[in-house]
Amino acid sequence: MHKPLSPGKTIGILGGGQLGRMTALAAANFGYRCYIMEPQRNCPASFVSAGHLTAEYDSEAALLKFASQVDVVTLEFENVPVKSLKFLESQVPVYPGPQALEISQDRVREKSFLNDQGIETAPWAPVKNAEDLDIAVDKIGRPSVLKTTRFGYDGKGQAKIGPETDAIAAWREVGSGYCILEGFVDFTMEISVIVARSVTGEIKAYEPVENRHANHILDETHVPASITAEQTEQAMEIATKAVEAMDLVGLLAVEMFVAADGRILVNEVAPRPHNSGHWTMDACVTSQFEQLVRAVCGLPLGSTQRLGRAKMKNLLGRDVHKWEEYLAEPGAHLHLYGKADVKAGRKMGHVNWLFQDDDA
Ligand SMILES: Nc1ncnc2c1ncn2[C@@H]1O[C@H](COP(=O)(O)OP(=O)(O)O)[C@@H](O)[C@H]1O
Ligand SMILES: [Mg+2]
């Protein structure tokens with residue numbers, strides 16, 4: 001039996017972006033304190049947390065100091081070095097642990113792992129050198145997408161290989177490093193499922209949502225996704241299977257494609273709160289952030305029930321200047337992240353809507 005962490009204790013969060021900020025806000029509702037470790041000063045989470053350790057993730061001295069201040073560690077950024085997590089784990093419980101990060105940090109490991117569980121993805125091949133690239137293009141065909149195995153986000157580190165593309169030039173474009181070539185999925189929709197698994201082993205998934213991207217960045221999430229009941233069930237089963245197989249405690253966000261032939265293929269997984277789960281803050285009994293806190297503190301997981309039809313819109317870059325308009329709109333729930341610099345494509349905040357008009 002795990003004893004739940006009692007209110008008043010401190011949750012350490014690796015990463016201080018908006019996901020950490022919203023986790024800290026949810027934790028505060030239950031009387032926990034949050035202590036952030038993040039190299040950037042004035043990061044979004046620092047303004048709402050009890051403390052902020054400004055340090056690099058690979059500093060052992062900093063990790064020791066961090067561990068001494070907290071009762072449990074979680075993360076909002078999946079590129080923390082695995083070595084650092086292993087070190088932290090020798091001092092304090094860390095959820096999710098290093099094994100989950102090892103899988104999700106590397107697209108080749110991630111896809112092999114998922115396929116080993118019988119979870120379908122696009123066909124893929126690893127590319128370490130020019131010879132591999134030729135073999136991969138022959139095997140996977142065109143169109144396909146070449147992606148760096150590590151550190152990609154918002155479509156960065158990716159190049160499409162069309163019928164006429166010089167594959168070597170595409171590889172150069174993404175840095176000529178270790179890559180994965182994936183078959184281009186002819187999808188009708190992108191969906192995602194966020195699933196929580198607690199220290200106690202309890203699992204709860206949110207229903208699948210539809211994600212619409214603009215310039216490779218999430219623009220809007222719509223709930224419910226317009227898919228069949230079977231597809232809904234299948235997507236939730238896939239996410240549940242993945243979180244169990246990864247032995248992950250915390251949240252797992254599973255991005256999927258609904259292929260033109262109706263199959264559901266997993267694109268990638270993230271072991272943390274996810275942008276496509278922001279709608280839960282205003283349209284679910286339990287938000288994804290509260291659920292993460294519950295999971296890592298060993299509290300009972302909250303209900304994932306949806307309160308109605310919902311929509312989330314990201315405020316990217318200059319969109320944030322419309323904050324007063326959204327505030328004036330009845331029913332629009334504004335969330336801003338406290339970022340001082342407005343840059344094109346930067347996630348500055350989001351707006352949620354909950355509608356009571358149909359199939360809640
Ligand atoms: N194999 C693929 N087939 C078709 N579209 C893809 C494929 N892989 C990625 N995409 C598109 O690019 C977007 C970003 O790719 P993703 O692998 O999720 O990387 P990131 O880490 O940048 O989110 C996806 O949401 C999807 O729209
Ligand atoms: Mg993605």
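The values are calculated or read from the model by the stated rules, or taken from the named source; none is laboratory data. Computed from a predicted model, the values in this text were never measured in an experiment. Heads up, the Cβs are rebuilt from the backbone with ideal geometry, glycines too, and the neighbour counts pull from every protein chain shown. Side chains are part of the model used for accessible areas, which takes the heavy atoms of the whole protein and leaves out ligands, DNA and RNA. Shrake-Rupley method; radii C 1.70, N 1.55, O 1.52, S 1.80 Å.
FRET efficiency for K160 and N129, Cβ-Cβ distance as r, R0 = 30 Å, nearest 0.05?
Approximately 0.90, to the nearest 0.05.
Distances longer than 36 Å among the Cα atoms of the chain: what percent of all pairs is that?
20 percent
Label points 7 Å out from Cα along the Cβ direction at K322 and H2: separation in nm?
For K322 paired with H2, the spin-label model returns 4.1 nm.
Between Q305 and A169, what is 0.36 nm times their sequence separation minus the Cα-Cα distance? Round to one decimal in nm. Write down the numbers at each step before the final one.
Values: separation 136, 0.36 × 136 = 48.96 nm, distance 4.78 nm.
Length gained, Q305 through A169: 44.2 nm.
For an R0 of 22 angstrom, estimate the FRET efficiency from the Cβ-Cβ distance between D247 and V82 and round to the nearest 0.05.
With a Förster radius of 22 Å, E is 0.90.
What's the local net charge at P44, with K and R +1, D and E -1, over the other residues with C-beta under 13 Å away?
Neighbourhood net charge equals +2.
Kindly report the accessible area of the chain per residue (heavy atoms of protein chains, probe 1.4 Å, no ligands, DNA or RNA), in Å².
On a per-residue basis, the chain sits at 44 Å².
How far apart, in nm, are the 7 Å Cα→Cβ label points at S112 and A332?
Here the modelled spin labels are 4.8 nm apart.
Per residue of the range 336-353, in order, report the coupling 6.51 cos²θ - 1.76 cosθ + 1.60 (Karplus, θ = phi - 60°) as ³J(HN,Hα) in whole Hz, putting x for Gly and Pro.
With coefficients 6.51, -1.76 and 1.60, one gets 10, 9, x, 8, 6, 8, 8, 10, 4, x, 6, 6, 9, x, 8, 10, 10, 10 Hz.
How large, in percent, is the carbon and sulfur part of the accessible surface of the chain at a probe radius of 1.4 Å?
Carbon with sulfur: 49 percent of the solvent-accessible area.
Along the range 273-278, what does the Karplus equation 6.51 cos²θ - 1.76 cosθ + 1.60 (θ = phi - 60°) give for ³J(HN,Hα), rounded to whole Hz, x for Gly and Pro?
Per residue, the Karplus-derived 3J(HN,Hα) values read x, 9, 3, 6, x, 5 Hz.
Can you run phi through the Karplus equation (6.51, -1.76, 1.60; θ = phi - 60°) for the range 206-216 and list ³J(HN,Hα) in whole Hz, with x for Gly and Pro?
In residue order, the calculated couplings are 7, 6, x, 10, 9, 10, 10, 9, 9, 6, 6 Hz.
How would you order 53-59, 71-77 from highest to lowest mean count of nearby Cβ atoms within 10 Å?
Top of the packing list down: 71-77, 53-59.
If R₀ is 30 angstrom, what is the calculated FRET efficiency for the pair E56 and A344, using the beta carbon separation as r and rounding to 0.05?
Efficiency at R0 = 30 Å is approximately 0.65.
Ranked by accessible surface with a 1.4 Å probe, highest first, in what order do D106, D341 come? Before the final figure, lay out the partial values.
Working: D106 15, D341 90 Å².
Most to least solvent-accessible, the answer reads D341, D106.
Taking the alpha-carbon distance from K343 and a cut-off under 22 Å, which lysines remain once sequence neighbours fewer than 8 residues away in the same chain are dropped?
Partners found: K156, K313, K322.
Tell me the label-point distance for the pair E233, K139, using the 7 Å Cα-to-Cβ offset, in nm and rounded to one decimal.
For the pair E233/K139, the computed spacing is 3.5 nm.
Can you grab the distance from the C-alpha centre of the range 151-206 to the C-alpha centre of the range 244-287, Å, no decimals?
Result: 14 Å between the Cα centres.
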